[in-house]
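First the structure, in the form of C-alpha cells, and then the observations on it.
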Amino acid sequence: MSSLTGARRSLGGPIVRVAVALSLAFATLAIAVGYWGVVRAPELTRSPYDAAVIAASRSVPRGRILDRTGKVLARNKKDANGELYRVYAGPAISPVVGYASPRYGRAGLERAYDAELSGLAGDPLRDPFRKFGSDPYDPKDLTLSLSFDLQRAAARALGDQRGAVVMLDPRTGEILALVSNPSFDANAVTDPTTAQKAFKALLADPSEPLLPRATLGRYVPGSVFKIVTAIAGLGSGAVTPKTTYPEQPGAEKDGLVVDGYTIHDGHHPETGSRALGLVGATEVSCNIWYSLTGLATGGDALTEYARRMGFDAPLPFDLPTAVSQVTGGGGAAPGGFQDDVELANAAYGQGETFVTPLQMALVAATIADHGTLMKPHLVTAMTGDNGTRTLGPERMANVISAADAQAITVAMQQAVEGKLGGQFTTGAKVPGVPTAGKSGTAELGGTGEPHSWFIGFAPADAPTIAIAVLVEKGGRGAEAAAPIAGDLMTRYLKMDLP
Amino acid sequence: MDGLLLVLWVARLLFLLLLYVFLYRVVRTLLRDLRAAAREPTATLGRLVVVASPGSEPPAGHVFALQAITTLGRDVNNSIVVDDPFASTEHAVLTSRDGTWYIEDLGSTNGSHVNGQAVNGVATIGFGDELQIGQVRFRLERPRV
Amino acid sequence: MTVGTTPVRSVGSAQRGRAGSFGPIRPHWRWVEMRLLLIAALALVVGSISLSGALTGGLTLYDAQTLLTYLAALAAGHVALVLAGRRADQILLPVMGLLGGISLLLMQRLPQDLVTQHWFDMSVGLAQVQLVWLVLGITITSILGIVVRSDSWLRRYKYTWAAAGVGLLLLTFVLGAEVNGQRLTLQVGPFSGQPSEFLKVILVVFLAGYLSENRSLLMEQDTRLGPLRLPPFPYLAPMVVMWAIALGIVVIQRDLGAALLFFGVFLAMVYVATGRVSLVVIGLVLFVLGSLLMANLFDHVRQRIDVWLDPFADPLGAGYQVVQGLHAFARGGLFGTGLGAGLPTIGGRIPIPEVHTDFPLAALGEELGIIGILAILGLYLVLVERGLRIGAAAADDFRALLAVGLALVVGIQAFIIAAGNLKVLPLTGVTLPFISYGGSSILANSIVVGLLLALSDKGVEPPPRPSSGGRWQRLRQRDSI
C-alpha cells in the first residue's frame, strides 16, 4: 500500500466525528427553537414589548372599564391617524384605573388586567390554528366595584392635602373608593398630542403623583394600630375587655418605664385615677394601657394576628400592594422584635411599624365583619364575546371570634360617640347612625406635623361600609382625617348604592 | 372561516410539507449513497496493482478495485487513467464475465501486452498475470475477502 | 515523445447516463438533480401563492416575474451541468436553489425600501437586488462546476492565496467603513462588499494546502511540554498566528462572528487533518482565554455577552434586536403565521432591526414556525453532509481537506448566526448563507458550492503524486507540485 492510500484512509474517522459534532450542534438549535416557540411563547406573546400586542393595542379596541353603576371609566377614541387611544373619566380614578399608553406602558388596572383588556385570549400552544382564523382577539370589558361618585367625592374631600382614602364593603370585600392624592390626569398621558410633555412632567414632579399612596404608600400608623393590638390581645386571650392595670393611672403622670425606656401619654385629658379597661383605653387612646396589653400579648401573638389580616406579605389584591409590617424583624425577641421596648412602642403604633392605608382599612373591615376578613377586590365581572364571568366575594381569613369583634366594636363606638372620645374624632360621626372608629396621630419625630389617621365603619350594629383615611402631615387625627371620614361615610349611606 | 382563508391555510401547510418532501428525498439519496459506498469493497471482482509506473499517474504501488468493466487509457474519462506518453487516449478494456477476465485492446498505437505477449483484439488474463499499457505495468490479483 | 500532451476527448463510450453525443458535447443526465429541482420549484411556487394570498388576497404568484426568473436560472444551471457531462454531486445545486428560493420569498415579503440601489437610472428594491445576486451566484456555481478541471491553481499557489487574503484583511482594517459599530465593509467606488466573506474561502484553500502537505509531520512528531504531546513548535506557529488574526479581527473590525467562524473552521480542519484531539483542546483553551481577555478589555465585547446572557434586562435598549427576534419565534409557534401574515408592523416599520441581514431566521421563524425552521436547519445540515462526504471520498488529502473545509465554512457560519438569533450564542454579524441579503455573502457561498461541485466530479484531472524524498526535503520546499 502506498502511503497515499494509507494516509487518506485515516481521514474518514475524523470526518465522521466532525459530522456528528455538527449534527449535535444543530440539534441544540432545534431544541432552542422549540424552547422559544413553545415553552416561552405564551409569556412572550402577551408581553407589552411584543410587536403584535403593540400593534393590536392600536387597532383592536381595548376593553372598557365600568364602575359599579355601569358608568364608563375608560374607553377608546380614534386619533388623527385613525389609531386608538384611551380616554378616562377623570383624575380621581387614576390611582385605580391607571393608564395604557403605547409609549409609556401600562399602570394600575390597565396593567394588571392587560391581557384581558387587550383581548389576548387563548393559549398559543393549545390553539395552534387560532391564528389562522379571522378574529384572534377577544377584548373583555371590566366591571368594577368602585363607585365613581364616591371616588370623586373622596378626592374632593382630600382637596390639596396629600394622603389616601380607602372605602370598602366589609361584608363582601368590594372596594368602593380608592383615592390617592396627589393624583394625575391619565388623559394627559394617553392623548398623543400631550403625552410626551405630560409624562415627563409627572416623572419630574417631586410629589410623586404616579405613586398610588393607598396601596403602595407605607406610613407610621400611630394610634389606629391599637385596634390590631386589641385584636391580638383579645384573640390570644392575653386580655379581656375588662382587663385593667393597677400601674396605669399612676403612669399617666409619671410615664411607664419599660426596660429603662419611658412611655408617655401626651394627648388625653386627665382620666384621674380611674383604671381603664378596653373601652376606656380606646376612647381616650391610652398609650399606657395598650403598651401593657402589647407586652402581655407578646410579640409572637401580635405578629401572628397581624399576619392573619395581611401583614408581612403583599395583599391579595387586583393591584400591586406594598407590604405592611409590625416590626422590622431580625430581633431576638419573640415575633422578631428587638426587645420589649420596641414591642411596647409598636403596640400603640410607633415602633418600626409601617402600614398601607389599604391594610388599615382591612383592619377596620375585620371588626366590621364580626371578626372575619373578606378578600379585597375591585373587579367584579369580565364581559367578552362569550358572555360575562362574575368574580364573587372570597373569604381571606377568620381573624377573631364574633364576640371579641363585638367587644372591640363597642370600644370603637365609644371612641367616636363618647364624650371624651368625640374630642379625638371630631366630625367622624354620621348623623343619626351609630358609628365606630379610631383616630390616630402618627408622630414622625423631628419638628414636622404628624400624619393624621382615621379608621372606622358604620352603622356600628350592622356595618355596610368600612373606611380608612390618611392625611400626610395633617396634624392630629381629629383635625384632618376624622372629618373626611365622617363626611364620606355619611355620603355613602345616603347614596344607597346597588 | 371563508373559502379564501381555507385555501390560504392549505397553501401554508402545503409549502411546509413540500420542504419536508424535498428533505426526505435528499436523505433517501444520501442513505442509498452511503450504503453503496459501504458495500463497495466486498463487491470487487478483482484488483489491479500498479507494479511499475515511471510517471505520476497511476502511482506505483496503487491498488485499483475492479468492477465488471474497467477502461484504461490516457483520457480523463477512463476508469483507470494511464498518463503515459506511450498510452493511447482509449487504450484497452478489462472485462469480467462469468468469473473470467478478458482484456480487449481498443486499437491502441503501441498495443497492450499480457506477460510480454501482445494482445490481438480480445485475450484472457488470469490472476497473477502482468498487463502492460505503455510504460506502465499492472498485475491482476484476486479480490480481497 | 512529448510528455504531458493534453488528452483529447474521444468520441463514444458505453457508460450509463450518457445521452449520446453531439460533436464535442457529451451530455450526462442528472436525474436525481432534476427531480429535486422540480420538487423545490413546486415548493417555491406554492410558497409564492401563499405569500400572495396573505399580502394581496389573491391566489396568484406573488411577483411572478421574479420567481420565474429565478427558477429559469436554476434550470439553466442544471442544463449547463447536464450538457457539460459533469458527473458532479446532484444534491448540492437543488439544496442551494431551495435555500435561495426561500430567501427570495422572504425578501419579497419584507418592505422593499430596506435596500435601494440605483442601476442604470432605475431604482431597485430589496427583492430585485437579491434576485440579481442569486442569479449571479447560480451562474458562478455552474461555471465553477463545469470549468474547474484541475485544482493545481489552488494547490500550487497556496502561499500566494494566503498573502492575498492577509492583504485583503489589512485593507479592510485600514480602509473599512464602519457600519453598526463594525468595520466590515470595503467600499471601492460605487461597490461595497464584505471581504470577510471571500476571506473565508481563501483561508480554507490555504489551510487545505498547508495541512495536507504537513499532515504526517503534524501527526507523528512530538514535542513534549510537560504531560502534553504537541507537534513541533514551528508547526504550531500557524496556529498561534491564526489565533492572533482572530483576535485582531475582533479588536479592529469588531467582527466577533468572523473571528468565531475562522477559528472554528481552522480547529476543525486541523482535527480532520491530524486526528489529534489534543490540538483541538489547546485551540479551545486559547479561544476561551482570548474571549475572556477580549471581554475584559473591550466594552463592545462585554456588551454583546451581557445582551446574550439576559437580553430582557434592557428590552428597549441594547437587547432590543435580540428580544424582538425571540418574540418573532414566539409568535410563530409550531406552524408559523404563514408567509406574509406575520411580522406585525408598528408605525409601518417592522420591529426587528436589520431583519434582512442579521435576522432572516427570526422572520422565517415567525412565518414558517418551528416546523419550517427545522426544515431549513435540515437543509443546511444536508449541504454540509454532502460536502463532508465529498471530502471523505476525495482522491487525495488536499481535495479531502478542501471539501471538508468548504463544507464547514458554510455549516459553521449558518450555526453561528442561527445560534445568535436563538440566544444560544451571542449575536454576531455573520450572514445566514444563501438566505441573508448580501451580494458578497451569496457570491462567496456560491463559489463554495461551485468548488464542491468541481471536487465531487469524478472526471476531474487526478491529483498529482505527493513529492518523494525525505521529510527534510519537504521542510525545505515552499510550494509543492
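What to note about this one:
- Legend: Rg and Dmax of region A:154-269, from Cα coordinates, 22.0, 69 Å.
- Using the empirical formula 2.2 N^0.38 Å as the baseline, the Cα radius of gyration of the protein assembly as shown reaches a ratio of 1.34.
- Rounded is the label for region B:43-138, because the ratio a/c of its alpha-carbon gyration tensor axes (a ≥ b ≥ c) stays below 1.5.
- Mean separation of Cα contacts under 8 Å (6+ apart) over length of region A:144-208, as relative contact order %: 27 percent
- Ranked from largest, the principal axis spans of the Cα set of region C:325-433 equal 58, 26, 21 Å.
- Gain in span if fully extended, residue B:7 to residue B:115, counting 0.36 nm per residue against the direct Cα distance: 31.4 nm
- Average other protein chain Cβ within 10 Å of Cβ, residues C:421-427: 4
- Exercise: per-residue mean of other protein chain Cβ atoms within 10 Å, C:46-55: 5
- Principal axes of region A:222-494: Cα extent on each, largest first, Å: 69, 45, 40
- Theoretical FRET efficiency, 1/(1+(r/R0)^6), r = Cβ-Cβ of residue C:310 and residue A:433, R0 56 Å, to 0.05: 0.45
- Long pairs among A:375/A:438; C:158/C:200; A:438/A:473, criterion Cα-Cα beyond 20 Å: A:375/A:438
- For region C:323-435: relative contact order, % (alpha-carbon pairs under 8 angstrom, 6 or more apart): 25 percent
- D_trans [Stokes-Einstein, Kirkwood Rh over alpha-carbon pairs] for chain A, 20 °C, 1.002 mPa s, µm² s⁻¹: 86 µm²/s
- Taking trypsin sites (Lys or Arg not before Pro) across region A:218-247, the ones in a DSSP loop with at most 11 further Cβ atoms lying within 10 angstrom of their Cβ are A:242.
- Per-residue packing, averaged as other Cβ atoms within 10 Å, sorts the ranges C:432-442, A:138-148 into the order C:432-442, A:138-148, beginning with the highest.
- Remark: spin-label model distance residue A:196-residue C:153 equals 5.8 nm, labels positioned 7 Å along the Cα→Cβ axis.
- Rg/Rh, computed from the Cα trace of region C:59-107 with Rh as the Kirkwood radius, has the value 1.05.
- Within chain A, the selection of entire DSSP H helices by a Cα span of 20 Å or greater along the long axis and an average Kyte-Doolittle value of at least -1.0 returns A:12-34, A:402-417, A:481-495.
- Other protein chain C-beta atoms within 10 Å of residue C-beta, averaged over B:24-36: 4.
- Across all directions, the average flat footprint of the convex hull enclosing the Cα atoms of region A:270-312 is 3.6 nm².
- Rounded FRET efficiency, nearest 0.05, which uses the C-beta distance separating residue A:23 from residue A:218 and R0 of 45 Å: 0.20
- When the Cα atoms of region A:294-398 are aligned to their principal axes, the ranges along those axes come out at 59, 27, 18 Å in descending order.
- Taking a quarter of the surface of the Cα convex hull of region A:403-498 gives a mean projected area of 6.6 nm².
- For chain A: relative contact order, % (alpha-carbon pairs under 8 angstrom, 6 or more apart): 15 percent
- Protection-proxy order for peptides A:449-460, A:76-87, C:133-144, A:358-369, each taking the mean of Cβ atoms within 10 Å per residue, highest first: A:358-369, A:449-460, C:133-144, A:76-87
All of the numbers you see were taken from the coordinates with simple rules; none came from a lab. All of these numbers come straight from a predicted model, not from anything done at the bench. Quick reminder, even Gly has a Cβ in these numbers, built from the backbone with ideal geometry, and neighbours come from all protein chains shown.
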